[in-house]
Structures are given as structure tokens and as C-alpha cells.
1. Leaving out ligands and nucleic acids, note down the accessible area per residue over chain A with a 1.4 angstrom probe, in whole Å².
2. Given H placed 1.01 Å from N in the peptide plane, which residues other than close sequence neighbours of residue A:242 have an amide H under 5 Å from its amide H?
3. Rank B:128, B:53, B:97 by mean-square fluctuation in a GNM of chain B with C-alpha springs under 10 angstrom and give only the top-ranked residue.
4. If you average the sequence gap of Cα pairs under 8 Å that are 6 or more apart and divide by the length of segment A:226-340, what percent do you get for the contact order?
5. Debye calculation, C-alpha points only, no solvent: report log10 I(q)/I(0) for segment A:9-82 at q = 0.19, 0.20 Å⁻¹, in the same order as the q values.
6. Just tell me how shielded A:203-215 is by partners: mean number of partner chain Cβ atoms within 10 Å of each residue's Cβ, no decimals.
7. At q = 0.14, 0.17, 0.19 Å⁻¹, what log₁₀ I(q)/I(0) does segment A:226-340 have when each alpha carbon counts as one equal point scatterer in the Debye sum?
8. For segment A:12-220, I need the span (max minus min coordinate) of the C-alpha atoms along each principal axis, in Å, sorted largest to smallest.
Amino acid sequence: MSLSYKMILWNKQKKVYDIILFVLMMLYIVLFSSVTFVINPNTTIETLIIRAFGTLAILMLHIILAIGPLSRLNSKFLVLLYNRRHLGVSMFLAAFIHGAFSLIQFHSLGNTNVFYSLFTSNLDYFSLIDFPFQVLGFFALMILLVMAVTSHDFWLHNLSPKMWKTLHMMVYLAYALVMLHVFLGAFQQESSPFIQEVLLVGFIFISALHIAAAIKEKKRDINSLSNDGWHYACNVDQIPEKRAFVISIKDERVAIFKYDGKLSTISNVCKHQNGPLGEGKIVDGCVTCPWHGYQYLPAEGKAPAPFTETLPTYNLKLEGVKIFVHEHPNAEGEYVEPLKWG
Amino acid sequence: MIKPLRSRHQIIWFIMPLIVVPLLVLSIIQRPDFSKNTKEIATSTPAIGNILKEVENQQLKVNLRGEDNTYQQLEVIVKTPIEAPFTIVYGKLSTGKNITLGTIGQRGVYRYSLTPGQTLSEIVLQDKIKQTEINRLKLK
Ligand code: HEM
Ligand code: FES
């Protein structure tokens, strides 16, 4: 990725996105408050804040969880993926306001410590109906806190992308905890009307999206067959100009790019967060990751200076119009002369 | 994503719905209906019949109302405010079973309908947040 692209265009776009996000969140709070006051004018301001921010957080969590599978299913949604991180941090802030106000309202009135009260005021862990639902919310909030704190790329590099991804998959656990928090809470608290029904539909929708994306991906993971280490991929005319064809060789996905009458092959897995490079385009001579825009030179598998990321390259051969890829990856960043055709 | 990560996602999303959806459905089915007997409705609910029985303590006065010796309504008068933000009134039937009557809060008159034939032996006020008992009154 070029520096100027990162510094100017990127940040400006992000700022606009952040402003829109903030305005939409405030709009939700105002709308929720108005509807609540019409339905139940006796609602206290504390209860209103707790409910408005709790429901806002869970709505945002659904949007966040939908973006991943949606962009696997349709590349139009990739724009949302660029900025998912800010959505996540904002969602944490909304959940934090909800949790903090709940702790103040329900646990700070006695003479015990707030957290002591949270964990000891209800010990019915074996009852479904009286289950201490607030404790579930607390653990979900702690997971979201760790994720929000480590969301910066600084942590991605320090923890290694693998560790970071594993950590951030905890969002699914947080999601399940929050769902149970709301559902078990409904036995003990009057909640917003229909919230359980809406959330049940939301949960089924999110699960269905993930399962649909998983099925689609599974098909792509079928390994290609080898003939002396060479794997047939596709015909030259099957790859659109400046795009790639992806095949799976021994459980590793590989992307064959076609550009300016040339063919080059690199690993499909972006060094940033393992984004699918083969779904990106060649922009200014560089393979550009569809997730956050990291760039690589296709023949070298190297990010253009001053960046340092490198990827394994692969050897190619042509038989007529048929493209074959050799199963042994070259070293990361090793130059392979592009194949010319036509 | 790389293959092991994809597999992990797949496992999570095939298993999680199987656990979470039944729990969610169960809690929707069993969710108590707090709206039936809240104060806004209770005050507009007119008293039924005559007072057949009264019991009282420092905080509460409880009247069992009805006609022809059948109890049809429980009237709870809160004399000193209940400070817990969310309190529920339970009735203990003479059979030993507990029934949820509804919510209760500030000072005022709360009326809860009873199924004719049900005999309450005791009512219990419970702070649902802290899961502690606030008050208890025997009706016999
Ligand atoms: C320290 C952590 C938390 C505490 C102490 C807590 C406490 C509570 C309480 C007391 C309620 C019932 C409030 C009422 O209906 O008046 C509630 C409901 C709710 N909570 Fe939490 N919560 C926590 C974390 C979370 C998190 C992390 C989320 C979501 C990301 C969340 C989402 C919700 C939602 C959607 C409701 C239902 C709102 C409604 O009934 O209108 N909570 N929570
Ligand atoms: S995964 Fe973030 S840029 Fe490729």
C-alpha cells in the first residue's frame, strides 16, 4: 500500500464513517427514548439509559457479526469490512454505558462493594428462571473490553495475527453470553417489549448467514489433483483481467493473478489479518487486499517499499491455454518471472 | 482466513445455534407476564366484591376480596414505600405451590386477580435483583 493512499484518502474516509456512525447511534438513542416515553411515560431516566444503550449495543453486535459472512457471500459488503473495527469499539462503549449504569442503579445502593454485590446478591446458578443474568452480561462486557483494547494493529503485530484472531473469535462467546443475559433477564426484569422475539429472529439470521458462508467456503476448499506436483487450475480466459483465480493445493489457497498479458501466483492469505487476496484486484500494479487494502507486488510476493510484508510465491506453467501451479511454495518474497501468454 | 481458522468458525456456527436457540425458545415460553398486574393497571382495576379477610403488618395491609365466600382478588396496600427497584409479589397456595401475582413498588393500592377456588396461605415480596425477601405475610 502506498503511503499517500494510507495517510490522506484512508483517514478522511474513516473520519466520515465515524461521524456517520456517531450520528446514527445518537439517532437510535433519541428514537428509543421517544418511543419509550410514549408507551410508558413513568420510565425513569436511569432505566431509559440502561435500556437504550443495552439494546443499541446488541443491535450493533448483530450488524458486526453479519458483516463477515455477508462479505463472503457478496463482495458488495466488503466496504463495511474496512471499518468494522470502529463499529466494534463503538459497540463496546454503548455496552459499557449500559453495564456501568446497571451496576450503579442495582448494586451501588447497599453498603457492599459494587462488584461484590454483583456476584453475591444472587447465587441461584442452578435455576433457569432466577439465574444471575447480570453476571453473564459482566463476563460478556469483559470480553468486549479486551477486544476493544487490543483492536489496534499494534496488538495485532505484538500478539501475532494467529493469536489475535483467536482472541477476537471470543466475540462469539460474548454474543452467546449476551443473548442469555437478555433472555434470562426477562424472567426477573420487565424488559423492552418484543426484545426477546426480535433477538431470537436476529440470532437465527446471524447463524444462518454464517452457515451459508461456511458451506460456500467448504466447496472452495476441495483440493485440486496433482500430476507430478503440478496442479491444473483453470484456462487463461477464465481469469478476468487484473483479477485472480483461486485454487486449494494441499489445504493452502493460492491465487493466480492475470494482468497486462502476464500471470503470477502468490499465497491467497494476506499477512495483515488473513484476508482473501484472490478476491482483490490489481491496483497500480499491486495486488490489493479486499479487506483493508494491504498491497503486494504479484511477481515478488512483496509489499512495495516502505512496507515489509512478504508472501510465498508459486511456479506456474502453461500447456496451451491450461494453467498449472506447482505445489511447492517458494520462499516468501522470492521473485518468479511472470508467465507471458498470448 | 486460513483453513484451520475456517474450520473453527464452522464448528462454532454449527454447534452454537443448537445450544442457544432451545434456551431462547424456552425462556420466551416461560417468560412471566409482568404487564398484567402492574400498578398502572392495578389502580384502574376496580375492587371486586367485599373484603372477606384482612391481615396487616408494618409495611403492608392485605385484603382478600370476593363474593359469596370465594376469593377473587388480592388487594395489597403498601403503607411504607418498598425501596428495592424491582419487587415481585408471590402467593403461596395452600397446596404449597408458588404463583407469581405481579410487581409492586411505591406506596399505593395494588390489586391482583385470583383464580376462583385458589386459597392463598401466605404472600411473599421478593427483591428480584438481589433475590432477597423483603416482606412476608401469613393470610391464615
Ligand atoms: C456489567 C455488565 C452488565 C450488567 C450489570 C447488566 C445489567 C443489566 C440489567 C440489570 C438489565 C435489565 C434492565 C432493565 O430491563 O431495566 C439488562 C438488560 C439488558 N442488557 Fe445488560 N448488563 C451488562 C452487560 C450487557 C452487555 C455487554 C450487553 C450487550 C452487548 C447487554 C445488553 C442488554 C440488553 C439488550 C438488555 C435488555 C434491555 C431491555 O430490557 O430493554 N448488557 N442488563
Ligand atoms: S487482511 Fe487486512 S489488509 Fe488484508
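1. Ligands and nucleic acids excluded, the result is 49 Å² per residue.
2. Those lying under 5 Å, H to H, from residue A:242 are A:258, A:259, A:260.
3. B:97
4. Relative contact order, segment A:226-340: 25 percent.
5. With no solvent term, the Cα-only Debye profile gives -0.87, -0.92.
6. Per-residue shielding by partner chains comes out at 4.
7. Once normalised to I(0) and log-transformed, intensities are -0.47, -0.71, -0.90.
8. Projected onto the principal axes, the Cα atoms of segment A:12-220 cover 54, 37, 33 Å.
The values are calculated or read from the model by the stated rules, or taken from the named source; none is laboratory data. Only a predicted model underlies this, so the values are computations on that prediction, with no experimental measurement involved. Methodologically, a virtual Cβ is constructed for each residue, glycine included, from the backbone with ideal geometry; neighbour enumeration extends over all protein chains shown. All accessible areas refer to the heavy atoms of the entire protein, side chains included, with ligands and DNA or RNA removed. Shrake-Rupley method; radii C 1.70, N 1.55, O 1.52, S 1.80 Å.
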